[in-house]
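One structure is given below, encoded as C-alpha cells.
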Number of protein chains: 2
Amino acid sequence: MHLGAFLYYVGHHLAAWRHPGAKSNGIMDLKFYKELAQTAERGKFDMIFLADNVVVPNDTAVSYTASVKPEPITLLSALSAVTEYIGLAATVTTTYTEPYHIARMFASLDHLSGGRAAWNVVTSAYSTEAYNFSKEKHPDHGLRYQRAKEYIDVVKSLWDSWEDDALVIDKESGIFADSSKIHAIDYEGEFFSVRGPLNVSRTPQGRPVIIQAGSSGAGKELAAQTAEVIFTAQQTREEAEAFYSSVKKQLIQYGRSADEVKIMPGVFPIIGSTLKEAKEKEAYLQELVHPMAGVGLLSDLMDHDLSVYPLDGPLPEFAETNGGKSRFDLLVNLAKKENLTIRELSLRIAGARGHRTLVGTPEMIADQLEEWFVNGAADGFNIMPPYLPGGLDEFVNTVIPVLQQRGLFRTEYAGRMLRDHLGLAKPQNKFSKSAVL
Amino acid sequence: MHLGAFLYYVGHHLAAWRHPGAKSNGIMDLKFYKELAQTAERGKFDMIFLADNVVVPNDTAVSYTASVKPEPITLLSALSAVTEYIGLAATVTTTYTEPYHIARMFASLDHLSGGRAAWNVVTSAYSTEAYNFSKEKHPDHGLRYQRAKEYIDVVKSLWDSWEDDALVIDKESGIFADSSKIHAIDYEGEFFSVRGPLNVSRTPQGRPVIIQAGSSGAGKELAAQTAEVIFTAQQTREEAEAFYSSVKKQLIQYGRSADEVKIMPGVFPIIGSTLKEAKEKEAYLQELVHPMAGVGLLSDLMDHDLSVYPLDGPLPEFAETNGGKSRFDLLVNLAKKENLTIRELSLRIAGARGHRTLVGTPEMIADQLEEWFVNGAADGFNIMPPYLPGGLDEFVNTVIPVLQQRGLFRTEYAGRMLRDHLGLAKPQNKFSKSAVL
C-alpha cells in the first residue's frame with residue numbers, strides 16, 4: 001500500500017486553524033513544516049504532498065480561513081535538506097507557468113533531494129488566477145488540458161535532454177561533458193516552442209514522478225497518457241473500483257501496463273480511541289466552522305459567489321463556470337441527492353472537501369483502507385489530516401502500526417528514491433541510443 | 001565592510017572544475033553547497049550569491065566548462081534549512097518570468113529563512129534564452145529595462161499587499177486575517193496587469209533585498225531607482241570611485257539617501273602565503289584552460305561565435321548584439337587597449353570574467369580591499385573564489401581574520417536578517433495608513 005501525507009495549510013478541515021491541535025502561527029514557518037515532514041518520514045510515508053494555487057481566492061477565505069502558505073517548490077527544497085527518504089510532491093499549474101522553468105526547478109529538486117521529487121500537474125481551477133498573470137480570461141477547460149498535454153511533453157523532453165552518462169568531468173583531458181549526449185529538443189507545438197537543452201543534467205530518478213489529480217474526462221485521458229500517480233476523490237468503494245478499473249484499462253490503450261500508474265484516493269481520517277470519541281472529535285471540528293468560512297469555501301470550489309444567497313436556503317441553480325469540473329459536478333449532485341441547504345452543503349465539505357471521510361478507531365480506519373486496497377479500488381491513499389501537526393501525529397502513531405502489523409505497509413524504506421517507494425521503474429531516456437524507439 | 005560570497009559553478013575560474021581544489025562531481029549535490037554555505041557563514045559573510053541564466057549558452061561551454069547547476073531559488077531554499085544567519089541572494093531574470101511567481105518565491109524564501117532573502121534582478125544577457133520561452137527574438141536592451149522597471153514595481157507592490165499586522169489568527173473569534181489590511185494591487189502597466197494580493201503574507205524583512213548588477217546607462221538608472229545593493233565590475237580604483245560617487249549622486253535625484261544602496265564590486269582573489277606562491281597558483285589555473293573553453297566563454301560574453309576566427313589573431317570587429325551591454329564594451333576596450341589576440345583575451349577573462357583580480361598574500365589582498373573601502377570606491381565586495389570549496393576556505397581562513405583584526409569586518413553577526421547585516425532599514429509598506437504618502 002502506498003501512502004501520501006497531504007499537507008494543506010494547517011490541516012484539511014476548514015476550521016483546522018482554530019483547533020487546539022493546530023499550530024496556526026507556524027503557517028509560514030519552516031520549523032512547522034520540518035516537524036511535519038519528519039513525522040511523515042517516521043511513519044514511512046511514500047511522500048508528502050502540497051496542493052497549490054496562485055491567487056487569494058476571495059475575501060471570505062482571507063478573513064475566516066487559513067489563506068497564506070509558502071510556495072510549494074521553495075518549501076519542498078528546504079525540506080529536502082532536513083529529510084532523507086520521503087518523497088516531495090509539489091503542485092504546479094501548467095496554465096500560468098513556463099515549461100522550461102518548471103522542468104528546471106523539479107529537476108533541481110530531484111538532484112538536491114537525491115531522487116525524491118514529484119510534480120502534481122494541474123491546470124488551475126480558479127478562474128481568477130488569470131488576473132495575476134496579465135490575462136483577461138481564464139482559458140477554457142478543454143484548452144487548458146490541450147496546453148497541459150503539450151506542456152508535459154516539453155518538460156519530459158527537457159528532462160531527457162541530458163543522457164545519463166553525458167557528464168564526463170574528466171579533469172585530466174579537460175572534457176566536462178559529451179556533447180553528443182546532450183540534445184536540443186527543438187519542440188514546436190501549438191502552444192510552445194522550446195529549443196533546449198535544459199541547463200540541468202539528468203536527474204537521479206531519470207525524471208521526477210508525474211502526478212495528476214483531474215478526474216474529469218479530459219483529466220482522466222491526460223492522466224492515462226502521462227501520469228504515474230493519480231490522486232482522486234472517491235466516496236464509495238463501488239465508484240472507486242469503477243474509476244480504478246476504467247483508468248487501468250485506458251492505460252493499456254496507450255501502450256502502458258496497469259502497474260505503471262498508482263491510484264491513490266484522498267482519505268480524511270478522524271481518529272479516536274473509541275468510535276464515540278472519534279465522532280465527538282468530528283462534531284467539535286464542525287462546530288468550529290465560521291458560517292462565512294463555509295460559504296467562502298463553497299464559493300471557491302464552485303467558482304461562484306454564494307454569499308449573496310440565504311445560508312439556510314437551497315443551492316441555487318447556476319451554470320458551471322470555467323473552473324474545476326469534477327468537483328463542481330460532485331457538489332451539485334450531493335446537494336440534489338440529499339436536499340442540502342448552502343449551510344449544510346458547506347459543512348459537509350468543510351472537512352474532506354469532497355474526499356472520503358473515515359471516522360473511527362485506528363483499527364476501523366485500517367479496515368476501510370484494507371478493504372479498498374485488497375478489492376482493487378486503490379493502490380494506496382492520500383491521507384488528509386484534519387489539523388496539523390496533531391492529525392498527522394495521530395495517524396502515524398496509531399493507524400500506521402496497524403497497517404504494518406497486517407503486512408499492508410512497509411516498516412522500513414527499501415530504497416532512497418521516490419520511485420523505489422512507489423515501485424516505479426526509472427524511465428528510459430528518449431534520446432538514448434539504447435532506447436526502444 | 002560588506003562581503004558577498006559569489007558561488008559560481010565549482011568556482012569562477014573557467015578551468016576551476018579541473019583544479020584539484022574543486023569538488024567538480026558535487027556540482028548537482030546539496031552536500032557540496034551546504035559545505036560552501038556553512039563555510040561562508042563561519043566567515044560571517046553578509047550573504048552568498050548565485051548568478052543565473054536560463055539556457056545552455058553554447059556547445060563549447062557544454063563540452064569544456066562546467067555547464068550545469070541547480071536552479072538558484074531551489075538551491076537557496078534548501079540551504080535556508082541548514083544555515084542560520086547568512087543572506088541568500090538569487091539571480092532571476094525579469095525577461096522570461098512572471099512577477100507574481102517571483103514575488104511569491106522570494107517572499108516564501110524570506111519567510112522560510114527567517115528574513116534572509118535577496119533578489120538579484122537581471123534582464124538576461126544571453127539572447128538565446130528567448131528560444132527556450134516560445135519567443136522568436138530576445139527583446140532589445142532598452143525594452144528589457146523598461147519591462148524590468150515595471151516588473152519590480154509589481155513585485156514590490158505584491159510584497160506590500162499584506163500589511164505587517166494583517167494576520168490576526170484569533171482562534172477564539174474565528175478571525176484569521178483582517179481583510180482591511182490586505183490589498184489588491186490592481187496594477188495596470190504597459191507590460192503587466194496584475195490584480196493581487198499575493199498569497200503570501202508580508203515577510204520578516206518587510207521585503208526581500210533587491211540587488212542589481214547592470215552597469216550600462218539603463219542598468220545604473222534602474223539601480224538608482226530601485227536597488228539596495230549593486231554588484232559591479234570595476235578594474236581600477238579611479239573608475240570605481242567615479243562609479244561610486246555617480247551612483248550615490250543619482251540616488252539623491254530619486255529622493256533616496258546615499259546609504260540606502262551598498263555598492264559591492266566583484267573581486268577575484270588568488271591567495272598565497274607569499275606573492276610568488278600566489279602567482280604560481282594563478283599561472284597553474286591559466287594552464288588548465290582548454291583553448292576551446294576560452295573561446296566558448298568569450299563567445300558567450302560577447303554573444304557572438306568567435307570559434308570561426310583564428311585563435312591567435314586579433315578580436316575582429318563586429319556589431320554589438322542584443323546581450324549584456326557593459327560587459328561587451330569592457331571586452332572590446334580591453335582588447336583594443338592592450339592589442340590582445342582572441343586567445344590572450346580569453347585567458348585574461350578566464351578568471352575574473354571582467355572583474356578585478358587580486359593576487360597576493362592575505363595581507364596584500366586585505367590592503368587592496370581596505371584601500372577601496374576607505375577611499376569611497378566601495379561599501380564592500382562580492383568575493384569570487386577561483387575554485388570551490390578550496391578558494392572559499394582559503395579566503396575565510398586567511399583574509400577574513402586580517403580584515404577582522406583591522407576592525408574592518410564583523411566578528412559576529414549583529415542580527416538575524418540580511419537587512420541587519422547590510423545596515424538596511426525595513427521598508428515601509430506602501431499600503432499602510434501610517435506610511436508617508
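The values are calculated or read from the model by the stated rules, or taken from the named source; none is laboratory data. As the structure is a computational prediction, the values presented were derived from the model and not from experiment. All Cβ positions, even for glycine, are placed from backbone atoms using ideal geometry, and neighbour counts span all protein chains on display. Ligands, DNA and RNA are stripped out before the accessible areas are found, and what is left, the full protein with its side chains, is counted by its heavy atoms. Shrake-Rupley method; radii C 1.70, N 1.55, O 1.52, S 1.80 Å.
General remarks:
- Pairing each residue of the range B:281-295 that is of a type in the set (S, T, N, Q) with any residue that is open to solvent by 20 Å² or more (accessible area, probe 1.4 Å), provided the two are 6+ apart or on different chains, yields C-beta distances under 7 Å for B:Q286/B:L347.
- Candidates A:L158, A:L143, A:L167, filtered to the one that is within 11 Å of another protein chain (Cβ to nearest Cβ) and either touching a helix residue (DSSP H, G or I) at 6+ places or on another chain (Cβ under 6 Å) or free of Cβ contacts under 8 Å to residues at least 24 places away in the same chain (or both): A:L158
- Among the residues examined, A:A90 qualifies as closer than 24 Å to A:S161 by Cβ and without any contact (Cβ under 8 Å) to a residue 60 or more places away in the chain.
- Those residues of the range B:184-203 which are assigned to a loop (DSSP other than H, G, I, E, B), open to solvent by 40 Å² or more (accessible area, probe 1.4 Å) and either touching a residue at least 60 places away in the same chain (Cβ under 8 Å) or touching a strand residue (DSSP E or B) at 6+ places or on another chain (Cβ under 9 Å) (or both), in sequence order: B:D186, B:R195
Conditions (1) open to solvent by less than 10 Å² (accessible area, probe 1.4 Å); (2) closer than 30 Å to B:A107 by Cβ, marked per residue:
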site: B:T357; (1), (2): no, no
site: B:W372; (1), (2): yes, no
site: B:Y387; (1), (2): no, no
site: B:G391; (1), (2): yes, no
site: B:L403; (1), (2): yes, no
site: B:L424; (1), (2): no, yes
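- Per the listing A:K262, A:K248, A:K279, the residue uniquely loosely packed, with under 15 Cβ neighbours inside 10 Å and either touching a strand residue (DSSP E or B) at 6+ places or on another chain (Cβ under 9 Å) or not β-branched (V, I, T) (or both) is A:K279.
- Some residue of the range A:282-300 being of a type in the set (V, I, T) and open to solvent by 70 Å² or more (accessible area, probe 1.4 Å): no
- Where B:S179 falls short, out of the listed (1) farther than 30 Å from B:E239 by Cβ; (2) open to solvent by less than 40 Å² (accessible area, probe 1.4 Å); (3) among the polar types (S, T, N, Q): (2)
- When we screen B:M47, B:M1 for residues that are buried (at least 23 other Cβ atoms within 10 Å of the Cβ) and in contact (Cβ under 8 Å) with a residue 60 or more places away in the chain, the only hit is B:M47.
- Filtering the range B:359-370 to residues that are open to solvent by 10 Å² or more (accessible area, probe 1.4 Å) and outside any strand (DSSP E or B) leaves B:T361, B:P362, B:E363, B:M364, B:D367, B:Q368, B:E370.
- Flag if B:S127 is modelled with pLDDT under 95 and within 14 Å of another protein chain (Cβ to nearest Cβ): yes
- First in the range B:28-40 and facing another protein chain (nearest Cβ under 8 Å) and within 16 Å of A:S201 (Cα to Cα), second anywhere and assigned to a helix (DSSP H, G or I) and open to solvent by 20 Å² or more (accessible area, probe 1.4 Å), Cβ under 7 Å, 6 or more apart: B:M28/A:H111
- Condition check for B:G313: under 26 Å from the mean Cα position of the chain (by Cα), open to solvent by less than 30 Å² (accessible area, probe 1.4 Å) and either at pLDDT 95 or above or closer than 21 Å to B:T60 by Cα (or both): no
- In the range B:44-68, the residues that are under 24 Å from A:E98 (Cβ atoms), in contact with a strand residue (DSSP E or B) (Cβ under 9 Å, 6 or more places away or on another chain) and at the interface with chain A (Cβ under 7 Å from one of its Cβ atoms): B:V54, B:V56, B:D59, B:V62, B:S67, B:V68
- Here is the figure for the range A:4-27: residues that are within 12 Å of another protein chain (Cβ to nearest Cβ) and crowded, with 24+ Cβ neighbours inside 10 Å total 7.
- All positions within the range B:316-337 that are in contact with a helix residue (DSSP H, G or I) (Cβ under 7 Å, 6 or more places away or on another chain), in contact (Cβ under 8 Å) with a residue 60 or more places away in the chain, open to solvent by less than 60 Å² (accessible area, probe 1.4 Å) and closer than 21 Å to B:A352 by Cα: B:G323, B:S326
- Complete set of residues in the range A:4-27 that are in contact (Cβ under 8 Å) with a residue 40 or more places away in the chain, of a type outside the set (S, T, Y) and closer than 28 Å to B:V82 by Cβ: A:G4, A:A5, A:F6, A:L7, A:V10, A:G11, A:A22, A:K23, A:I27
- Taking the range A:69-78 as the range and being within 7 Å of chain B (Cβ to nearest Cβ) and either aliphatic (A, V, I, L, M) or touching a residue at least 60 places away in the same chain (Cβ under 8 Å) (or both) as the test, the residues that pass are A:I73, A:L75, A:A78.
- For B:P269, the criteria (1) of a type outside the set (A, V, I, L, M, F, W, C); (2) in contact with a strand residue (DSSP E or B) (Cβ under 7 Å, 6 or more places away or on another chain); (3) within 11 Å of chain A (Cβ to nearest Cβ) hold in every case but one, which is (3).
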